[in-house]
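The values are calculated or read from the model by the stated rules, or taken from the named source; none is laboratory data. What you see is a predicted model; the values in this text were computed from it and never measured. We place every Cβ from the backbone using ideal geometry, glycine too, and count neighbours over all the protein chains shown.
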Amino acid sequence: MDKSLWQLQYLSGLSVRDIAGQSATTAMTVSRYLRKIGTEMRPVGRVADLDPKERQCSKCKKIKPITEFYRNTSYKSGYGYDCKKCPNAYSGRNLKKYGLTKTALELMYKAQDHKCAICGIPEGERLLHIDHCHKTGKVRGLLCERCNLGIGAFNDSLEYLNTAILYLKYALNDRASPKE
């Protein structure tokens, strides 16, 4: 999408995040561009006078109890921006990206009992992400953010993961590393 349309979309009420999603770019890129061309930005974040036990959903804009949001320690509040009931970013854009239908995604959730395929944490406690092989693009399952980032940090390498397992086994037994 043409950058020149971003300001028009923003001024017509679309959020930076929505514009980024439609343009296949990041919200940061859109935000920087809008500031650079002098667009007056709307305030972001919490609604004034909001009870600390409440939060406004960035998608449906409704004010809901904090328990209606996923825990996310990377945010100052400890909770994500989208409520649990609103469809997350994976429902549209990423379904297309991974070649999935909503039915196929629902079947994956059901097959995994709505839990992370690695740690087993239920979907209600953490948002589940679509995991895929970076080499082939093939979808493997649904993982919580921690597990998804964890295997990503090991570059999806079984060798690295097995070495990490050995390392932890030896560390738990107060022995030297197996490589020593």
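Just so you know, in the stretch 10-39 the residues that are outside any helix (DSSP H, G or I) and within 19 Å of the chain's Cα centre (by Cα) include one that is surrounded by the fewest Cβ atoms within 10 Å (Cβ to Cβ), and it is ALA24. For first residues located in the stretch 135-158 and closer than 23 Å to LYS110 by Cβ, partners that are in a helix (DSSP H, G or I) and lie 6+ apart or on another chain with Cβ distances below 7 Å form the pairs VAL139/TYR98; GLY141/MET108; LEU142/MET108; LEU142/TYR109.
From the list LYS97, LYS102, LYS110, the one residue that fits, being within 16 Å of the chain's Cα centre (by Cα) and either of a type in the set (D, E, K, R) or not assigned by TED's automatic domain parsing to the domain that holds ALA24 (or both), is LYS97.
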